[in-house]
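Working notes, structure below.
Computed from the coordinates by the stated procedures, all read-outs in this text should not be read as laboratory data. Fair warning: this is a prediction, and the values are worked out from it, not measured in the lab. Here Cβ is always computed from backbone atoms with ideal geometry, including for glycine, and neighbour counts include all displayed protein chains.
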Amino acid sequence: MLARAGAIWFGIMLMAILNGAFRDVVLVPRLGDLGARAVSCLTLASVIVLVTWISLPWVRPVSTTDAWRIGSMWLAMTLIFEFGAGHYLFGTPWAALLADYNLLAGRLWILVLVATLTAPILVYLAVHNPVNDGDFYSPPTSAR
């Protein structure tokens, strides 16, 4: 399960990189840096939820604990990539990396991290609730 979740995270990471490129090329010239970052963060958080919704049946968590493990793993991998690759590979200064966490300055990156952590559990709970007591992994059966 965790190996499949890791594979999904790599897909999310690629989408995040494309999202950042789109932000820099298309959004920044139109909205300015702060506006572009806000739109980009909201877009990426939405993509994370959508990818989770589509991929969770393949990952197959069997409990809420599994869903929390997936979200925790994704969050850890995101932070390691952000700070490790961000600083050591791309040369981004620590101050610039940490600036994205300043909500008082209008930075919304923390919402992406919240989505990364909580999307697996929220999707899991959305499909495993008393109202929807069907099997998440099986197609619905027709009423007779």
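Per-residue Karplus couplings for the range 83-90, computed as 6.51 cos²θ - 1.76 cosθ + 1.60 with θ equal to phi - 60°, are listed in order as 7, x, 5, x, 8, 7, 8, 9 Hz, Gly and Pro entered as x. Annotation: the residues His128, His87, sorted from fewest to most other C-beta atoms within 10 Å of their own C-beta, follow the order His87, His128.
Taking θ as phi - 60° and the Karplus parameters 6.51, -1.76 and 1.60, the scalar couplings of the range 102-110 work out to 8, 4, 5, 9, x, 7, 10, 3, 4 Hz in sequence order, x denoting glycine and proline.
Only one residue of Val39, Ser55, Ile70 has its Cα farthest out toward the positive end of the dipole of the chain, where Lys and Arg carry +1 and Asp and Glu -1 on Cβ, and that residue is Ser55. Charge tally around Ala38: other residues with Cβ under 12 Å, Lys/Arg +1 each, Asp/Glu -1 each, net +1. Note on the chain: helix-only mean residue ellipticity at 222 nm, from DSSP H runs of 4+ residues weighted -39500 (n - 2.57) and normalised by residue number, equals -22500 deg cm²/dmol.
Here are labelled values, [x] 1.25; [y] 1.04; [z] 1.07, and one is the computed Rg/Rh (Cα atoms, Kirkwood Rh) for what I pasted. Which one? Identified label for the calculated read-out: [y]. Our coupling estimate for the range 20-27, obtained by passing each phi through the Karplus curve with A = 6.51, B = -1.76, C = 1.60 and θ = phi - 60°, is x, 5, 4, 4, 5, 7, 9, 7 Hz, Gly and Pro reported as x. With a cut-off of 18 Å on the backbone N, the residues of the range 36-70 near the modelled label site 7 Å out from Phe81 along Cα-Cβ are 40-56, 59, 69-70. Using 0.36 nm per residue and subtracting the Cα-Cα separation, the extra length available between Ala21 and Leu111 on full extension is 30.5 nm. Length gained on full extension, Leu42 to Leu2, computed as 0.36 nm times the residue gap minus the Cα-Cα distance: 11.8 nm. Database remark: amide H of Thr92 closer than 5 angstrom to the amide H of His87 (H placed geometrically; neighbours at sequence offset of 5 or more, or on other chains; Pro and chain starts carry no H).
For the chain, the longest principal axis of the C-alpha atoms and the axis of helix 64-80 are separated by about 20°. Note on the range 2-127: with charges restricted to the Cβ of Lys and Arg (+1) and Asp and Glu (-1), its dipole about the Cα centre is near 180 debye.
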